[in-house]
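S.K.: Before I ask anything, here is the structure I am working with.
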Amino acid sequence: MSAIDRFKGGEGVLSNVSRSRKELVEGILFSLPYLVLFGVFLLYPLLMGGYMSLFEWNAFFPSRSEFIGIGNYTHLLGDPQFWNALGNTLYFSLLTVPSIVIVGLGLALGVNRDIRGRGVLRAIFFSPYILTVSVAAVVWTNLYSTQYGVINYYLGLVMSNPPQWLQSYVFAMPSIAITTVWWLVGFSFVILLAARQSVPEYLYEAAKLDGAGTWRMFRDVTVPQMRHAIFFVVVINLIWAFQVYGQPYVMTSGGPGQSTTTLVMYLYEAAFNQQNFGYAATIGYVLTAILVVVSILNYYLIGGDNE
Amino acid sequence: MSNATTTRLESLLPGEVSARSVLVHAVMYGAALLFLMPYMYMISTSLKTPEGAIAAGMNWIPDPVSLHAYAGLLADSLIIGWAFNTLLIASTTTLLVLIVDSMIAFALTRLDWPGQRYVLGLIIASFMVPGFVNIIPLYILISDLGLLSNYLAVILPFAAGPLGVFLLAQFFREIPYEIQEAAQLDGFSNWRIYTRMILPLSRSILSALALFMFVWSWNQFLWPLIVLQDQAMYTLPIGIVVLRDNFTYQPSVTMASAVIASGPLFILFLLLQEQLMSAVEMQGVT
């Protein structure tokens, strides 16, 4: 064994073969605690869910479950409640994702300017993100209240008939969306601010020399330079939006009617109110499939590779 | 001398304040006020008397200030128990994540063994799996294992998430290999390299990850709601919804419970904002 090999191998006395076996054993030992958790609580349920989705699952006697192939999937296609939940989820995503990205970007660019109390502003805009969903939802439910809510108190000063926010078919979902923007925008804001701060300043100075105005600099320097961060923020917010549950659960219980029932709420209901576990697992799988497609589409549209 | 410095100096001169700068300040501070409004409502309402909280009109400063809602909660509800449960779950989860994630991240980046690439690939691919897909099979699994209404039911699935492994692996990879080689020449075992070198060198990312995991775990909602089937075992996020439903017409109680549920996190946030935000930034970078 040459000196160089000894240096690379580190162990010196051991041959390369037994060394790599030792690394293999240690590699597995170091990985094992996490891999057990990962295998049991993530991978296994994922596969199990796919299996369950092919059964009319018997919640009480799993062995008496009936294999129905793609029966759950075909049932889903003809299930108006599923389409309603999907539609509501899409509507919620459409309301929240662009708003979060635009508001987040606006706040990030604002805080990035020469402004006093920048640190305080940054903390304020980020802070709702550390709240649990039920705190955010409970507080906003009160703000929207028609009896003692702040919002309608002030609206009442200028209009005679302010909306019944959470009880209204028209306003319930937008109200939930506003709460969500307030609650979650901090995450995107911090990421966009970091991205903005890593745009090299000389690009702006060059653009200024070329006589570019604020808008041109925004369009030709800021946005292209922040492209990756913006797309990351879009994707992660889409993924969150598709999984929305807590806000409508606490604020409207999916109502009025079924107008704010989302996919995950419907999944929960299928499983725990109707004991239809196989069908619920199917909804979960379809939700995942949608998210995977969305992520892949985004990857190709925005490209991790067009750098 | 950079351009930025000159502009900053100029904007400090009284006569030179541009209209644009005034506008930016007004917009940003206006937005900040809107962001703070829900907190102000929450705190001010929690300090009102039951009658004051539902009185018509909006008085931001409670008159009289009353601790009635807090006293009632502490005396007549399970909120102290819930707070304890939440703390226990969040800290155990965080500790578990730090240990197992750093161990596997070490194995994936600092050791050399066949198959590590596939393991890392599998873990990264699992990022695509949204938490909610798994709730049904996971629920059945947990119930088969006899873990319903056991804190492990909340802790273990959460600790199986891939985020920590991914962040730590990214960080460990950047630590120069020469240090490790020198230690190996000195006869250090891998365990010693892990505990005495890699972990201390990674203190910044470990604390950022710890904080993020703690906050996330503290805030879990749907999963604890499903598996903790006994009110005494609830966590604060679920508990305040129960309280809200029990005290529908007492917003002061609901808001006081919201203050209690978020208070500890706010203190943590005020102390450790930088770490928390850097954990978020790292997710954007990776």
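S.K.: Please calculate how many Å² of accessible area the stretch A:80-303 carries per residue, with a 1.4 Å probe and no DNA, RNA or ligand atoms counted.
M.R.: 39 Å²
S.K.: Ordered by packing density, taken as the mean number of other Cβ atoms within 10 Å over each peptide's residues, highest first, how do B:138-151, A:208-221, A:288-301 rank?
M.R.: So the order, starting with the most tightly packed, is B:138-151, A:288-301, A:208-221.
S.K.: Okay, next question. Normalised by the residues of chain B, what does the relative contact order come to in percent, with Cα pairs under 8 Å and at least six apart?
M.R.: 29 percent.
S.K.: Now for a different question. Please give the net charge around B:Glu274, taking every other residue with its beta carbon less than 11 angstrom from that of B:Glu274, where Lys and Arg add +1 and Asp and Glu add -1.
M.R.: Summing Lys/Arg as +1 and Asp/Glu as -1 gives 0.
S.K.: Sticking with this structure for a sec: Could you tell me how many cubic angstrom of Cα convex hull volume the stretch B:69-154 has per residue?
M.R.: Given the Cα convex hull of the stretch B:69-154, per-residue volume reads 153 Å³.
S.K.: Would you work out which of A:Pro162, A:Phe231, A:Gly186 lies farthest towards the positive end of the dipole of chain A? Charges go on Cβ: Lys and Arg +1, Asp and Glu -1.
M.R.: Value computed over the given set: A:Gly186.
S.K.: May I pose another question? Rounded to the nearest 100 Å², what is the buried accessible area between B and A, both sides summed, probe 1.4 Å?
M.R.: Looking at B and A, the buried total is near 8600 Å².
S.K.: Given points 7 Å out from each Cα along the Cα-Cβ axis, report the A:Asp114 to B:Leu148 separation in nanometres with one decimal.
M.R.: 6.5 nm
S.K.: Taking just the alpha carbons, could you work out the radius of gyration and Dmax for the stretch A:119-203, both in angstroms?
M.R.: Cα-based Rg and Dmax for the stretch A:119-203 come out at 16.9, 55 Å.
S.K.: Rounded to the nearest angstrom and ordered from largest down, what semi-axes does the equivalent ellipsoid of the stretch B:75-277 get from its C-alpha gyration tensor (root of 5λ)?
M.R.: Equivalent-ellipsoid dimensions as semi-axes: 38, 20, 13 Å.
S.K.: Taking Rh as the Kirkwood radius computed over C-alpha pairs, what is the Stokes-Einstein D of the protein assembly as shown at 10 °C in a medium of viscosity 1.306 mPa s, expressed in µm² per second?
M.R.: 60 µm²/s
S.K.: Calculate, for B:Tyr118 and A:Leu203, the FRET efficiency according to 1/(1 + (r/R0)^6) with r their C-beta to C-beta distance and R0 35 Å; round to the nearest 0.05.
M.R.: According to the calculation, E is roughly 0.30.
S.K.: List for the stretch B:140-171: residues with 30 Å² or greater reduction in accessible area, all protein chains versus chain alone, probe 1.4 Å?
M.R.: So the qualifying set is B:Ile140, B:Leu141, B:Leu156, B:Ala160.
S.K.: Arrange the peptides A:129-142, B:76-89, A:64-77 so that the one whose residues have, on average, the most other Cβ atoms within 10 Å appears first.
M.R.: Averaged packing, sorted descending, gives the order A:129-142, B:76-89, A:64-77.
S.K.: Which whole number gives the average count of other chain Cβ atoms within 10 Å of the Cβ atoms across peptide A:72-80?
M.R.: If you average over the peptide's residues, the count of other-chain Cβ atoms is 0.
S.K.: What's the local net charge at B:Gln231, with K and R +1, D and E -1, over the other residues with C-beta under 15 Å away?
M.R.: So the environment of B:Gln231 carries a net charge of -2.
S.K.: Could you check the spin-label model distance between B:Ile175 and B:Ser204? Points 7 Å from the Cα along Cα→Cβ, value in nm.
M.R.: In this crude label model, B:Ile175 to B:Ser204 measures out at 1.4 nm.
S.K.: Relative contact order, percent, of chain A when contacts are C-alpha pairs under 8 Å separated by at least 6 residues?
M.R.: Contact order relative to length: 26 percent.
S.K.: Distance between Cα centroids, the stretch B:222-286 to the stretch A:252-267: provide it in whole Å.
M.R.: Result: 22 Å between the Cα centres.
S.K.: Next question, about the same structure. Per residue of B:121-134, what is the mean number of Cβ atoms on other protein chains within 10 angstrom of that residue's Cβ?
M.R.: 6
The values are calculated or read from the model by the stated rules, or taken from the named source; none is laboratory data. Please read these numbers as outputs of a predicted model, since none were measured by experiment. Positions of Cβ are backbone-derived with ideal geometry, glycine not excepted, and every protein chain shown enters the neighbour counts. We work out accessible area using only protein heavy atoms, side chains counted, and drop any ligands, DNA or RNA first. Shrake-Rupley method; radii C 1.70, N 1.55, O 1.52, S 1.80 Å.
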